[in-house]
1. If we count every other residue with Cβ under 11 angstrom of ASP324's Cβ, Lys/Arg +1 and Asp/Glu -1, where does the sum land?
2. So what's the gap between the Cα centers of the range 251-299 and the range 168-210, to the nearest angstrom?
3. So what's the convex hull volume per residue for the Cα atoms of the chain, in Å³?
4. So which trypsin sites (Lys or Arg not before Pro) in the range 232-328 are both in a DSSP loop and have at most 13 other Cβ atoms within 10 Å of their Cβ?
5. Could you tell me what percent of the accessible area of the chain is made up of carbon and sulfur, with a 1.4 Å probe and every protein chain present?
6. How large is the accessible surface per residue of the chain, computed with a 1.4 Å probe and reported in Å² as a whole number?
7. Roughly what angle does helix 165-175 make with the longest principal axis of the chain, taking Cα atoms, 0 to 90 degrees, to the nearest 10?
8. Taking Cα centroids, how far is the range 85-132 from the range 5-48 in Å?
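The values are calculated or read from the model by the stated rules, or taken from the named source; none is laboratory data. Treat the numbers as computed from the prediction; the structure is a model and nothing was measured. Every residue, glycine among them, receives a Cβ derived from its backbone with ideal geometry; neighbour counts consider all protein chains shown. Quick note on the areas: whole protein, heavy atoms, side chains included, nothing else; ligands and nucleic acids left out. Shrake-Rupley method; radii C 1.70, N 1.55, O 1.52, S 1.80 Å.
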Amino acid sequence: MRATVDSLRPPAQGISEILIVDDGSTDGTAAIAAALAREDPRIRILTHPLRSGKSAAINHAATRATGTLLLTVDVDTVAAPGSVPALAAAFRNPAVAVASGNVTIRNAARNPLTALQSLEYLQSIALGRGFLDHLGSVGCCSGAFSMFRRAPFLAAGGLNVGPGEDLEITLRLREAGHRTRFIGSAMAATLAPTTLPRLIRQRLRWDRDALAIRLFAYRQILPFRRGESLGSTLERLDFLLFDLAATLVFPFYLLHVALRFGEAFTPLMAGVLLLLSGIATANLLLVHLALRRLPTLPELAVIPAFALYQGIVLRFLRFFAFSDELLFAGSHRDAFVPPRIRRALYGRDGT
């Protein structure tokens, strides 16, 4: 937490106050927060006796903040110098209600898994959301590092205390007629899961939440929606076609190919993966070129495995997440939302 707060304290970041929410911590967070508050009069501490969840913590801070702009930063995320003014500049346009920063991986050199996630973030966030910003259709402003205009944030009711709060508030503000932005020059770095079980838990939660919000909360299943911009339609159809439909069909397609080609299936798939690895390598190098960023040695080492990671591992994780959500409403059982909050949302049994 100290690294996070220290990255926000330099005068050049232009921050007038820093609110730390101690959400029922039991790990020494309170002592660190108290020490930081003694060092800087801009720091105030809000304390929750019991854990209420990220959404409740941010909503509480939003009601106590005094500025017109609210910056939300995860406890494991460090803002780069000049990133806060870069985000704030987006709000010169009065139509903008939320702007997201460019989140990279702090611990990319930890092991091959974190290096793969670093490449994934560069492709999906730095390049992908940058493209969506040009279309005016940013659909998710990252919960790790985003800025809100305080008035529309509070008018909209703040963050939803259910799952997928960052995606949900972005879509809610966008559907209310506000602009959502991605600012590629506003850099921040976060910690990625370092083990496969932790990555699996994270991605199952993310994908279940995305499906629950897009299909059930916002009913984005229809091909066209009245009053929707072309960019928003393309962003939504991308999810429906290339995330949802392609993922649900994928295992059955693999089974069909295995039955169709028999013993030739293994060398066929090896050839396909080799081809995809070549395409992924060229694509990732183009991403680095477009971002004017040199790949690190750990990233270079795992580029040949990126197609397997993204095309097989993450695709199967997404299949299980989508299936769980469609059949069993798995997002309602997510421990990321405290059980008592979940019971208040979904009923006595939490489902």
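1. Neighbour charge sum, excluding ASP324 itself: +1.
2. 25
3. Roughly 152 Å³ of hull volume per residue.
4. Qualifying residues, ordered by number: ARG292, ARG293.
5. 64
6. Each residue of the chain exposes 50 Å² on average to a 1.4 Å probe.
7. Once rounded, one gets 90 degrees.
8. Using only Cα atoms, the two centres lie 24 Å from each other.
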